[in-house]
Amino acid sequence: MQQQSFLHVTAAALVPGPLAPQQVDPALVGYFQDQLEGHYRADMLLGPHDLIGTLGPQYQLIDKLTRSATGETRRGLLRVGAAYAALVGWLYQDAGDLSAAAFWRGITQEIALRARDPHLIGYAMVNSAQVRTDLGDGAGVVDLCEAALDEPSAVVPKIHVMAMQQQAHGASLLRDRAAVDRLIDQADRLLPRVDDDLPWGNACRRTPGYLEVQRATCYGRLGLGSEASALWAQVLTVVPATARRDRGVYMARHATAAATAREPEQAVEIARKVAGIAVETGSARMRRELATLERAMRPWHHAPVGRELIEALAPVTEGS
């Protein structure tokens, strides 16, 4: 069964050759790039499971075309292929399959290196650091983010912003609040300079309150309940209702921060709203955040508010 699962995850990336050569029109690079933004929007609306089946075959087609293409067309396909691989990796990560996510993050790094694109190489490093964050490996996160900025003048400001905010997550895992604030503040000063036309890695421009989301998440990880809760209350006023999955994750983190701040009634009130989104989107990240909330609510397990939490989360636990 494990072998079958591995083959399913890797099938799109490990197609054996040689393949029959074909003519590759340079316009295909733009075609695949144009579809990326739609895939990013669909990810926010749908969650991971529906999109994984769509992105894998598209990546496989890009890989097939890359083997026949030459010159700038080939480099362009490598660049867009790396972006697709990164998105597949993210979808697996959101679905809770960190082994598959790590595999696709590795594919992203390989293609970025083949494209000899310093921006993509930095982006791939940050993507790998995201997996390390979910694994709780703070030192690994910091290593990868520092590597992404080994030659700071070689990469666009967006890579700096992405690497510094992810390094802040590593710092929070290492219990270093001062580093969290320093890194988020540095990234915030750079954010107005993000003006490239690269089609990938644009969450920092697309996500309202992007850096405060990172700060609030780090504060929650550090156990700073009151400060994290206040930040989440601000962030959630600007996150659109259409961003269902992200909004649900943020609300779950807000609920945990409220519980940590010893506001269990508020935590349960928020959890009731999150439960439906978790069932609808199938986001493993959201379920993981709700499990963290359950741990934070243990002091009230036998109290009426604890029983209310169990009732509120019943749709999620019954569907697991």
Discussion item. Is it the case, given these coordinates, that A291 is more than 17 Å from L46 (Cα to Cα), without any contact (Cβ under 8 Å) to a residue 24 or more places away in the chain and open to solvent by less than 40 Å² (accessible area, probe 1.4 Å)?
Written reply: yes
Discussion item. Among the listed residues A284, A252, identify the single one that is surrounded by fewer than 24 Cβ atoms within 10 Å (Cβ to Cβ) and small (G, A, S).
Written reply: A284
Discussion item. Cβ contacts < 8 Å: first residue closer than 10 Å to K158 by Cα, restricted to the stretch 184-197; second residue open to solvent by 60 Å² or more (accessible area, probe 1.4 Å), any location; separation 6+ or different chain. Result?
Written reply: V194/R205
Discussion item. Any residue at all in the stretch 88-98 that's touching a residue at least 60 places away in the same chain (Cβ under 8 Å), farther than 25 Å from R205 by Cα, touching a helix residue (DSSP H, G or I) at 6+ places or on another chain (Cβ under 8 Å) and open to solvent by 10 Å² or more (accessible area, probe 1.4 Å)?
Written reply: yes
Discussion item. Condition first: basic (K, R) and over 28 Å from E37 (Cβ atoms). Now tell me which residues in the stretch 154-202 satisfy that.
Written reply: R175, R177, R182
Practice prompt. May I ask you to list the residues in the stretch 299-313 that are under 11 Å from A271 (Cβ atoms) and open to solvent by less than 70 Å² (accessible area, probe 1.4 Å)?
Written response: V305, L309, A312, L313
Item to complete: Residues being open to solvent by 70 Å² or more (accessible area, probe 1.4 Å) and closer than 15 Å to L198 by Cβ: count how many of those fall in the stretch 34-56.
Response: 1
Response to the item:
Here, helices (runs of 4 or more DSSP H) confined to the stretch 122-230 with at least 3 residues that are within 30 Å of L77 (Cα to Cα) are 138-148, 157-173, 203-206
Worksheet item: Among the residues of the stretch 220-242 satisfying the criterion of being open to solvent by less than 20 Å² (accessible area, probe 1.4 Å) and within 19 Å of the chain's Cα centre (by Cα), which is modelled with the highest pLDDT?
Response: W232
Worksheet item: Is at least one residue of the stretch 57-70 open to solvent by less than 20 Å² (accessible area, probe 1.4 Å), under 27 Å from R288 (Cβ atoms) and in contact (Cβ under 8 Å) with a residue 40 or more places away in the chain?
Response: yes
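The values are calculated or read from the model by the stated rules, or taken from the named source; none is laboratory data. Note that the coordinates shown come from a computational prediction; the quantities given were computed from them, not determined experimentally. Virtual Cβ from ideal backbone geometry, glycine too; neighbours counted across all protein chains shown. Please note that ligands, DNA and RNA were not included when accessible areas were found on the heavy atoms of the full protein model with its side chains. Shrake-Rupley method; radii C 1.70, N 1.55, O 1.52, S 1.80 Å.
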